[in-house]
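Trainee: Quick one: structure below, then a few questions.
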């Protein structure tokens, strides 16, 4: 299969590397140093305590690639629209678009580049970190969960599973992928966003009564939206999971915390913002989430 991965960050590198074992894979990245390193030295992953070298193709421009069978988005969500527009030449009528990005609602952006029955959404339990250009630590592995919001007319999900599994991933096709996406989202729209706004590590949330009350209020609102969408969660179970996540990771730093600390734009619009948009569709009030989105955007601009 001809696969194009847009974004050679940690996760794009992990998926692009493994998929290149049995497929024609291209990694697109705007950083010429990363592209040059991959093409001259290969893409090195630190896996299970050893360095493993892979040889995907890397480019800054997709002009010479031609139409792809599968395009995987691994850029930050706030750059998705631009990434798809800049690489529309590789998207044909038979091309499938896939996202394993954090947050939800990515299909609202992707549907402008492909029909809904050619869009695959999902989550990944793998994680990684960039050590240097062309060198990524593959820190942990887990399931790659995939699904579609329209009928899979061509059996593409089964094809993707076969290809991914052959390259070392544990791929699971989900009939209700939104349930899984929101299960992951609930942590990000409550505990994670509060760490960002307060600029604290994860352990602080469960220890401080005010921070914990705010986190629970965000969770309750998000669960109201999920219920309106037809999803089913047990609030007590999710609350306890959040508490344990905070307690068990006292020094943990969420991505939104790091982005705000370093003056970078965040993915809040596909995290808390996705709750706000879904709430508007279903007529649910989420004032706390709206406030958090505004606070985060204000914090992004505070040093400008």
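Trainee: If each residue of separation counts as 0.36 nm, what is the full-extension length gain between residue 130 and residue 93 once their alpha-carbon separation is subtracted?
Mentor: Once the chain is fully extended between residue 130 and residue 93, it gains 9.9 nm.
Trainee: Any chance you could give the angle, 0 to 90 degrees and rounded to 10, that helix 32-41 forms with the longest Cα principal axis of the chain?
Mentor: 50
Trainee: Taking the inverse of the average 1/r across all pairs of different Cα atoms in the chain, what Kirkwood radius in Å do you get?
Mentor: 20.0
Trainee: Computed over the Cα atoms of the range 216-289, what is the ratio Rg over Rh, Rh following Kirkwood?
Mentor: So for the range 216-289, dividing Rg by the Kirkwood Rh gives 1.02.
Trainee: Please sort 282-290, 59-67, 100-108 by packing, taking for each peptide the average over its residues of neighbouring beta carbons within 10 angstrom, highest first.
Mentor: Order by mean packing, descending: 100-108, 282-290, 59-67.
Trainee: In what sequence, highest mean first, do 212-221, 82-91 appear when ranked by Cβ atoms within 10 angstrom?
Mentor: Sorting 212-221, 82-91 by mean packing, highest first, produces 212-221, 82-91.
Trainee: Along the Cα-to-C-beta direction of residue 216, a point sits 7 Å from the Cα; which residues of the range 271-304 have their amide N less than 18 Å from that point?
Mentor: Within reach of a label on residue 216: 288-289.
Trainee: May I ask you to order 198-210, 3-15, 259-271 by the average number of other C-beta atoms within 10 Å around their residues, highest value first?
Mentor: Sorting 198-210, 3-15, 259-271 by mean packing, highest first, produces 3-15, 259-271, 198-210.
Trainee: Sticking with this structure for a sec: Which value results for Rg/Rh of the range 1-151 when Rg is the Cα radius of gyration and Rh the Kirkwood radius based on the inverse mean 1/r?
Mentor: Taking Rh as the inverse mean 1/r over Cα pairs, Rg/Rh reads 0.94.
Trainee: Along the Cα-to-C-beta direction of residue 262, a point sits 7 Å from the Cα; which residues of the range 12-54 have their amide N less than 12 Å from that point?
Mentor: None, by backbone N distance to the label point.
Trainee: Can you give the relative contact order of the range 2-175 as a percent, counting alpha carbon pairs under 8 Å and 6+ residues apart?
Mentor: Value for the range 2-175: 22 percent.
Trainee: Something else now. Obtain the nm distance between the two label points defined at residue 152 and residue 234 by a simple spin-label model: each point lies 7 Å from its Cα along the Cα-to-C-beta direction.
Mentor: Inter-label distance under the simple model: 2.8 nm.
Trainee: May I ask you to give the average projected area over all directions of the convex hull of the Cα atoms of the range 178-301, in nm² rounded to one decimal?
Mentor: Result: a mean projected hull area of 6.8 nm².
Here, each number is a calculation from the coordinates, and none is a lab measurement. These figures come from a predicted structure and were not determined experimentally. Heads up, the Cβs are rebuilt from the backbone with ideal geometry, glycines too, and the neighbour counts pull from every protein chain shown.
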